[in-house]
Amino acid sequence: MNPFITTGYAGPEYFCDRIEETKALTDLLMNGNNVALMSPRRYGKTDLIRHCFGQKEISEKYCTFIIDIYSTKSLAEMTERMGKSILGLGNPKTTLDEIFAYLSNAEKPCLVAIDEFQQITNYADKNVEATLRTYIQYCPNAKFVFSGSHREMMGSMFTSSARPFYQSATIINLPPIREELYAEFCKKHFAAAGKCLDDEVVPELYKRFDGTTFYLQKVMNILFMRTNEGETCVKERIADAIDYIIDFSADTYEDLLYQLPEKQKQIIQAIALEGKAKKITSRVFVRKYALSSASSVNSAVKGLLEKGLLNCSRGVYQVYDMFFATWLTERYMK
């Protein structure tokens with residue numbers, strides 16, 4: 001089995017580090033706290049929750065549920081998703097009363113993780129936050145993990161005194177996996193398979209992808225696959241591994257770019273080339289990438305954010321898919 005898992009959680013043997021975060025999350029939940037877990041997407045929040053729920057002290061004493069609401073568009077859809085996970089029923093007629101009655105009367109205390117919790121702010125329904133807060137507040141038999149990838153939205157929900165979830169959860173901001181610990185993890189698995197990993201590989205890869213777990217694992221998976229027993233994997237192989245991954249998606253990326261309006265196409269190319277783009281409406285940025293105007297940049301960026309092709313944190317813009325960003329950069333350079 002390739003030890004560098006790229007989808008889902010395969011158990012503690014293949015889970016890197018997060019010792020401190022696992023202990024913190026476990027201790028808080030077992031001591032009656034709700035938790036708001038925040039980080040950019042693809043940092044491994046959901047796997048951390050699964051790892052935490054798999055700890056003996058939790059798995060033996062609690063009923064645990066993980067509900068992903070990223071694709072939901074209304075409170076009704078969220079309720080249906082919760083009903084399917086908690087009650088085992090995917091019935092659109094399921095109500096929050098039924099779900100929380102079950103949680104309140106379960107034989108064991110319950111832990112419920114709601115993934116991409118900030119999605120509720122996009123629902124057209126009125127008073128969603130207040131409604132959910134009321135149900136949660138009067139369900140002492142269940143504690144909740146509110147997991148979210150938009151720190152600004154999540155932060156506002158839990159730190160603004162004007163919002164229903166104000167001070168209702170302990171906030172944990174999940175950092176990237178520490179480079180030295182990830183390097184140790186990688187070397188251990190290479191050695192177990194009779195392979196060797198050069199010291200320069202992980203630092204080079206970590207720098208390339210800002211320590212984002214998904215991309216580290218994806219590339220390491222390919223490097224492990226393409227290193228034979230008795231061989232040493234060196235950093236020069238990283239570029240080939242990335243190209244190997246991107247080649248499978250090249251046609252999809254080409255179609256995606258083709259479908260974008262011209263101004264959105266220009267700005268996403270510019271941001272990809274910049275890597276981390278700041279002050280994108282400044283005269284310097286507009287001139288550097290031959291963009292038409294600051295107002296057109298604003299309009300294009302808004303559309304790209306809505307499509308999920310860009311992300312923005314503290315005024316810094318990046319192409320969401322780092323492999324797509326690499327493809328855009330290489331395409332431009334050809």
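A few notes on this one:
- When only alpha carbons are used to place a centre, the stretch 51-119 and the stretch 237-297 end up 39 Å from one another.
- Annotated for the stretch 60-173: lysine pairs at least 8 residues apart or interchain, Cα distance under 28 Å, count 16.
- Legend: Rg and Dmax of the chain, from Cα coordinates, 22.1, 65 Å.
- Projecting the Cα atoms of Ala191, Val202, Phe214 onto the charge dipole of the stretch 166-222, computed from C-beta unit charges around the Cα centre, puts Phe214 farthest toward the positive end.
- For the stretch 1-146, the alpha-carbon radius of gyration amounts to 1.06 times the rule-of-thumb value 2.2 N^0.38 Å expected for a compact globular protein.
- Ser71-Lys93 pseudo-label distance in nm [points 7 Å out on the Cα-to-Cβ vector]: 2.5
- The heavy atoms of Leu28 offer some 40 square angstrom of accessible surface to a 1.4 angstrom probe.
- Rounded to the nearest 500, the helix-only mean residue ellipticity at 222 nm of the chain stands at -15500 deg cm²/dmol, with each DSSP H run of n ≥ 4 adding -39,500 (n - 2.57).
- Taking every lysine pair in the stretch 224-279 that is 8 or more places apart or spans two chains, those with Cα atoms closer than 23 Å amount to 6.
- Percent of beta bridges antiparallel (DSSP, the chain, rounded to nearest 5): 20
- Looking at the stretch 135-193, the chymotrypsin sites (Phe, Trp or Tyr not before Pro) that sit in a DSSP loop and have at most 16 other Cβ atoms within 10 Å of their own Cβ are Tyr138, Tyr166.
- Calculated on alpha-carbon atoms, Rg and Dmax of the stretch 1-53 in Å: 11.8, 38
- All C-alpha pair distances within the stretch 99-155, sorted into 10 Å bins from zero, spread as 21, 49, 26, 3 percent across the bins.
- Of the trypsin sites (Lys or Arg not before Pro) found in the stretch 1-80, those in coil by DSSP whose Cβ has at most 15 other Cβ atoms within 10 Å are Lys61, Lys73.
- Along its principal axes, the stretch 162-284 has C-alpha extents of 54, 45, 28 angstrom, given from the largest down.
The values are calculated or read from the model by the stated rules, or taken from the named source; none is laboratory data. Because the structure is predicted, anything quoted here is derived from the model rather than measured. Ideal geometry is used to build each Cβ from the backbone, glycine not excepted, and the neighbour counts take in all protein chains shown. SASA here: full protein model, heavy atoms, side chains in, ligands and nucleic acids out. Shrake-Rupley method; radii C 1.70, N 1.55, O 1.52, S 1.80 Å.
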